[in-house]
Amino acid sequence: GGGRPRLSGREHEVLALLAEGLANKAIAPRLGISEHTVKAHVGALFEKLGAGTRAEAVVTAARLGLLIL
């Protein structure tokens with residue numbers, strides 16, 4: 001791999017709310033998108049960060065400097 005994965009603006013927003021411990025159901029109305037779309041963003045984050053869980057995604061993103069906790 002080479003350096004940090006590139007996240008879209010929306011992925012960053014979803015990531016920040018994941019870090020707050022919000023469920024997809026709670027993230028969707030905050031961002032004005034469907035729960036299905038939130039799931040797609042979470043899936044993309046997992047893939048880009050090589051994460052298998054929400055907690056792992058948040059920790060990995062923080063370690064990479066993509067998220068300030």
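Figures for the structure shown
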{"quantity": "Expected 222 nm ellipticity per residue - DSSP helices of 4 or more, -39500 (n - 2.57), all of the chain, to 500", "calculated": "-19500 deg cm²/dmol"}
{"quantity": "Principal axis dimensions, the chain - Cα atoms, whole angstrom, descending", "calculated": "33, 21, 20"}
{"quantity": "Per residue value of the accessible surface for the chain (all protein chains in place, 1.4 Å probe), Å²", "calculated": "60 Å²"}
{"quantity": "Distance in nm between pseudo-label sites at ALA40 and LEU22 (7 Å out along the Cβ direction from Cα)", "calculated": "1.9 nm"}
{"quantity": "Relative contact order of the chain, pairs being alpha-carbon contacts under 8 Å that are 6 or more residues apart, as %", "calculated": "33 percent"}
{"quantity": "Carbon and sulfur %, accessible surface of the chain computed with the full protein complex present, 1.4 Å", "calculated": "54 percent"}
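The values are calculated or read from the model by the stated rules, or taken from the named source; none is laboratory data. The model shown is predicted, which means the values in this text are computed figures rather than measured ones. Glycine also receives a Cβ, built like all others from the backbone with ideal geometry; neighbour counts cover every protein chain displayed. SASA here: full protein model, heavy atoms, side chains in, ligands and nucleic acids out. Shrake-Rupley method; radii C 1.70, N 1.55, O 1.52, S 1.80 Å.
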